[in-house]
Amino acid sequence: DTGVSQDPRHKITKRGQNVTFRCDPISEHNRLYWYRQTLGQGPEFLTYFQNEAQLEKSRLLSDRFSAERPKGSFSTLEIQRTEQGDSAMYLCASSFTLLNYGYTFGSGTRLTVV
Amino acid sequence: AQTVTQSQPEMSVQEAETVTLSCTYDTSESDYYLFWYKQPPSRQMILVIRQEAYKQQNATENRFSVNFQKAAKSFSLKISDSQLGDAAMYFCAYRSNGDDKIIFGKGTRLHILP
């Protein structure tokens, strides 16, 4: 276990389709975060989990977005009825409860909605 | 709400020279953490350096150092002896000790000129 893994790396989908991304955090990390990064912008917080509990959701996370972390290990982020505005890099990160050392990020999933 | 501002969208520096990236932030909190993250092209974001607000001493990590001015809410990153591998997007980031998410600036793209 060498880091945070995200799958797939790239996803191209047609507008209106559903997509699901997966994130596998560092195994001993109990917190898992989802961020979205659009071109020319910094990462924007979407949601985070402590173990299996989803503790906070951003207002950026519309009803079309849902995230789960069913067993406190991997997490999925689903986008229903995708729109062109959903095109972005979706970043996953994990950490211990104490964030003094920041997050460890995955390589991201780049979503393109056509 | 806390905000992080990076006023330099792009910068260039000659290889082996020193460059300083600027960052300011806005917060009413007194206990927080500041970070600089590096995002190389098509690669994952990694933590470069961090600073606890309660520490007066500026953090240093090899060729990377910060100038933390708490009263001015300024947190600049100095890269000494710039190397080609330093070329990347650099994000300044903030986390309040009472919050669980990190807030990022929009980033500065650093070019290293050979």
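What number of residues in the stretch B:1-27 are surrounded by fewer than 19 Cβ atoms within 10 Å (Cβ to Cβ), assigned to a loop (DSSP other than H, G, I, E, B) and within 14 Å of chain A (Cβ to nearest Cβ)?
5
Which of the numbered conditions does residue B:114 fail, given that it passes all the others? Conditions: (1) touching a helix residue (DSSP H, G or I) at 6+ places or on another chain (Cβ under 7 Å); (2) buried (at least 19 other Cβ atoms within 10 Å of the Cβ).
Failed condition: (2).
For residue B:77, which of the numbered conditions (1) at pLDDT below 95; (2) open to solvent by less than 20 Å² (accessible area, probe 1.4 Å) fails to hold?
Unmet condition: (1).
Residues that are more than 14 Å from the chain's Cα centre (by Cα) and away from chain A (no Cβ under 14 Å), at least 3 per element: which strands (runs of 3 or more DSSP E) completely within the stretch B:28-114 meet that?
By residue number, B:108-113.
Take the stretch A:7-46 and flag every residue that is facing chain B (nearest Cβ under 9 Å) and either in a strand (DSSP E or B) or in contact with a Phe, Trp or Tyr (Cβ under 8 Å, 6 or more places away or on another chain) (or both).
Correct list: A:31, A:33, A:35, A:37, A:42, A:43, A:44, A:45.
When residue A:81 is evaluated against the numbered criteria (1) charged (D, E, K, R); (2) in contact with a Gly (Cβ under 7 Å, 6 or more places away or on another chain); (3) surrounded by 15 or more Cβ atoms within 10 Å (Cβ to Cβ), which criterion, by number, is the only one it fails?
(3)
The values are calculated or read from the model by the stated rules, or taken from the named source; none is laboratory data. Every value quoted in this text rests on a predicted model; they were computed, and no experiment measured them. Cβ: placed from backbone, ideal geometry, glycine included. Neighbour counts: every protein chain shown. The accessibility values were calculated without ligands, DNA or RNA, using every heavy atom of the protein model including side chains. Shrake-Rupley method; radii C 1.70, N 1.55, O 1.52, S 1.80 Å.
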